[in-house]
Amino acid sequence: MKKIILHTFLLIASLCFSLAQAQNKISVTNLQCEMLNNPEGIDVLQPRLSWQIKADVNDVKQTAYQILVASTLENLNSNKADLWDSGKVTSNESVNVIYNGKKLKDRDNAFWKVIVFTNKGEIKSATTAHFSIGILTYADWKSTRWIGYEKLSKDDSISQYSKLSARYLRKEIDVKKQVKNAKVYIMGMGLYELYINGNKIGDQVLAPVPTDYTKNVKYNVFDVTSQLKEGKNMLGTILGNGRFFAMRQDYKPYKIKSFGLPKMALQLFVEYTDGTKDVIRTDDTWKLTTNGPILSNNEYDGEEYDARKEMEGWNTINFDDSSWVNARYVQEPGGFYEAQMTPNMKIKGEVKPISIKATAKGTYILDMGQNMVGWLQLKVKGKSGDQVTMKFAESLQADGSLYIANLRDAKTTDVYTLKGEGEEIWEPRFIFHGFRFVEISGFPTKPTVDNFVGKVVYDDMKTTGTFESSNATMNQIFKNAQWGISGNYKGMPIDCPQRNERQPWLGDRTTGAYGESFLFDNQTLYAKWLDDIKYSQTQDGGLPDVAPAFWRYYGDNVTWPGTYITVGDMLYQQFGDAEVIIKQYPTMKKWMLYMEENYLENDLMDKDKYGDWCVPPESLELIRSKDPARMTDGQLLSSAFYYQLLNIMKKFAVISNANADIAHYDDLATRIKKAFNAKFLNTDKNYYANNTVTANVLPLAFGMVPENLKDKVFQSMVHEVEVTKQGHISTGVIGTQFLMRTLTNFGRGDLAYKLASNKTYPSWGFMVENGATTIWELWNGNTADPSMNSQNHVMLLGDLMIWYYENMAGIKSNPETPGFKQIIMKPDFNAGLTFVNASYESIHGLIKSNWKKDKKGLEWKISIPANTSALVYLPTADSKQITVNKTKLEKASITFKAEGDQQVLSLQSGDYSISLK
Ligand code: RAM
């Protein structure tokens, strides 16, 4: 009976849907599970489901949804929701709806769709989506053995410049019957490539994402149903080093973590059409060789490849492996096994070189025209044994040769030895470089730019933001930021891609991650990073400055580890991700208490390590300033930060249902604020400490300044920026994170604009003027000592990108309704720009803000995604001046109110053309 009712309901409903779809052009798309498209092998049993509503008509609101989840596509297509039929749920939530159906288990498959009920009709999702559960039970892994080869070959070395040849593994398997469904679960440490019958599985590169392998090991899952055939099949893998067999083995072993030699574990799970099943697991019948063409692969030093050693057909059944050995059983890496819940890296683009020039030495200098991260593909013809060497660097010296001093001891060199069989095309597999220039030597003929293609490599995430304005410098800074941010995503956010460092430093991303989230869909990457940080916590609660702690820096300061909390806040604000907060809250709380118990003295936190890192120094070759007038007191930094973190923790306590903690955070915050003002606020002169911009901007941004002195302290800061520094930056990594928004929020958007558009030292524009195509590590990056001077570092962006979007474009998520459920559109039209065209693909859909201003007035076109709304601010006290979609505001059916000398319009979803005359 129930079934009949459901079917009749679905029939009537589907008639209504087509009607609604035809009339209103509303569609439901972008179905995601755990913010991933059709993920294989997820790590949770109650995943979150999200969808987007797209509409060509205005004012579309979801009133209810019905989610149908089935164990097969056939079931779903015939509306047999055997896993979960949510029923019609009255709700406007279209993101992060928690699965609440039949209990799922290891390897279960699920197919789903959603019916959305709106004020404009009912719509079913245009497509169906899929997810599968990983292997969550350790017992299901138990009989899968780790295999590898824990010996060095004759050319390998464990040294400062470790060399290790790649491991090649193969295993012939017998597929007995017709395959209905096959999935492979692979842990290949440090990096793997997987082949079936000679074909590479997936288009990921440098997989899996790096972790501290003693804490957690990520497995990747692939549906390989179509790759297997009945009869004999060949599985093949290549194992590279990645972060597992670390690059600098005998160099500071107490500091640099290494995990051993590469190893792997794999399960191939096969279900036949007759319902029977088979599992193929790694064991010592797998064959292995270290004598393949990849002689060395070392992230800092490069890859060496000898094409003469290629083993034609090694990953197919027709190959003689009699010279190979049996793989050995080796120890597990130690960490928990977890399905990787963030996409791997991919080749995300290609760059054609812009020039190639011969040098007096007989080598060639190739210019990519862009400081990029990835590698170079080489096309070459020559004799067997010819050797092409490619050395990578970010810039050139005055004499036209590579500038390599800032790479420190990274050799950044790829070597390709030709087999001499016609045109040979090669690119490395297990390394990457940060480079714009390449020195080519040993090329057998005269190379041209057509012999090379740059491959741009970063995590496979969507570009979500565009930005263009009337200021060319600001536009170029935006492009540089895009290149820099994406290039430094390597399964974790790293500080730089070129020198012998490349570490996931926490402090570089405190608010940077938030700005980045407008440009790239970095949600799953940062959620993974918070797990890395969680796993790096010491027993008593301490957190490191680098996580995963490949470099072991446990210095117990506040500003760097505090990023754990601010990035959580970003995920909540930008993506509405409350689950991540609930998951991380206990670890966050433990760290906050640990710091309080160990380092709070007289209600102040005296634990700082890096100061306001990298302020513009007193002389141009310095890396770090020694001038007390430029530096900000460490106790001030750590106390202000800790105060700010307490406020965020208050919010998290509510989200995590830990309300009992709030009183403590509150009490502590009140005490710190009091002690802070007593110690640092100079009430005669109305500034903090030594009156650096950073000393004033933190208490202003964090709401620590007594109400009656707010304006005065702000004026002290303005005087420093505007008069003393003549409209230039004087802040480092800490102060710059709050600078632009604070200037604007307190009414001096024009001064923020001056900083953003400046071309003279120190400024972002100065980098652009000096040929930068990414963001430098140092304001004086063109003159400073090379020992710490990367040309592709994103930490100095501070809050600049947030300011571009929230304050210039006017695209901000209302903190009350995280994830852009309600958008605050409040551009500062008077800062100095005359137009902005910006867009942001939020989790609810595409937001656009295009405004232009001239003597006649303001024209503003905006798009608000379906099922969201916006508060739109117009700079006039007189509502009669406003027209919306050619109708006078007062005659349009739009709610609005005056707020000071602005009008605030409450707009529902859709496209609007607003003019102010
Ligand atoms: C350097 C890097 C990094 C920074 C640390 C403190 O190693 O520049 O970005 O966070 O110092």
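Assorted remarks:
- Local charge for D155 was computed over the other residues whose Cβ lies under 13 Å away, with Lys and Arg +1 and Asp and Glu -1, and equals +1.
- Residue-count net charge about E338 - beta-carbon cut-off 11 Å; Lys, Arg +1, Asp, Glu -1: +1
- Here the chain carries DSSP beta bridges of which approximately 95% are antiparallel, counting only pairs with both residues inside.
- Using all pairs of distinct alpha-carbon atoms, the Kirkwood hydrodynamic radius of region 702-801 works out to 14.3 angstrom.
- Prolate/oblate/rounded call for region 414-473, Cα gyration tensor, a/c under 1.5 rounded: prolate
- Whole-Å distance, taken between Cα centres, linking region 738-754 and region 354-418: 43 Å
- Pairs from the table (K348/K455; K888/K917; K710/K897; K609/K651; K180/K277; K528/K651) lying more than 18 angstrom apart at Cα are K710/K897; K609/K651; K528/K651.
- Built amide H within the under 5 Å cut-off of M605, gap 5+: S639
- Rounded D (µm²/s) - the chain, Kirkwood Rh over Cα pairs, Stokes-Einstein at 4 °C, 1.567 mPa s: 44 µm²/s
- Under the Karplus curve 6.51 cos²θ - 1.76 cosθ + 1.60, θ = phi - 60°, whole-Hz ³J(HN,Hα) for region 163-180, x wherever Gly or Pro sits: 10, 8, 6, 5, 9, 10, 10, 9, 8, 7, 10, 10, 9, 6, 9, 5, 8, 9
- Relative contact order of the chain, taken over Cα pairs closer than 8 Å and 6 or more residues apart, is 10 percent.
- Charge sum, other residues only, whose C-beta stays under 10 Å from T736's C-beta, Lys/Arg counted +1 and Asp/Glu -1: -2
- Taking 13 Å as the straight-line reach from the Cα of K379, the aspartates and glutamates in range (excluding those fewer than 8 positions away in the same chain) are E421, E423, E424, E427, D450.
- Modelled spin-label separation between N291 and L593, with each label point placed 7 Å from Cα along the Cα-to-Cβ direction: 5.9 nm.
- Listed from fewest to most Cβ neighbours within 10 Å, the set E890, E312, E427 follows the order E312, E890, E427.
- Given K171/K490; K61/K583; K255/K607; K80/K462, the pairs whose alpha carbons are separated by over 25 Å: K171/K490; K61/K583; K80/K462
- By the helix-only formula, in which each DSSP H run with n ≥ 4 contributes -39500 (n - 2.57) and the sum is divided by residues, the chain has a 222 nm mean residue ellipticity of -6500 deg cm²/dmol.
- Extending 7 Å from Cα along the Cβ direction at N77 and again at D108 yields two label points whose distance is 2.3 nm.
- Overall, the chain carries a charge dipole of about 1540 debye about its Cα centre when +1 sits on the Cβ of Lys and Arg and -1 on the Cβ of Asp and Glu, all other atoms neutral.
- Here region 822-916 has an Rg and Dmax of 12.6, 36 Å, counting Cα atoms alone.
- Dipole of the chain [Lys/Arg +1, Asp/Glu -1 at C-beta], most positive-end residue of T285, N557, Q331: T285
- Across region 455-467, rounded Karplus estimates of 3J(HN,Hα) from the backbone phi angles (6.51 cos²θ - 1.76 cosθ + 1.60, θ = phi - 60°) give 10, 8, 10, 7, 4, 6, 10, 6, 7, 9, x, 10, 7 Hz, Gly and Pro being marked x.
- In sequence order, calculated HN-Hα J values of region 716-733 (Karplus, 6.51, -1.76, 1.60; Hz; x Gly/Pro): 4, 5, 4, 4, 4, 5, 7, 9, 4, 9, 6, x, 10, 5, 9, 9, x, 4
Bear in mind that the values in this text are calculations on the coordinates, not laboratory data. Fair warning: this is a prediction, and the values are worked out from it, not measured in the lab. Don't worry about glycine lacking a Cβ; one is built from the backbone with ideal geometry, like all the others, and counts go over all protein chains shown.
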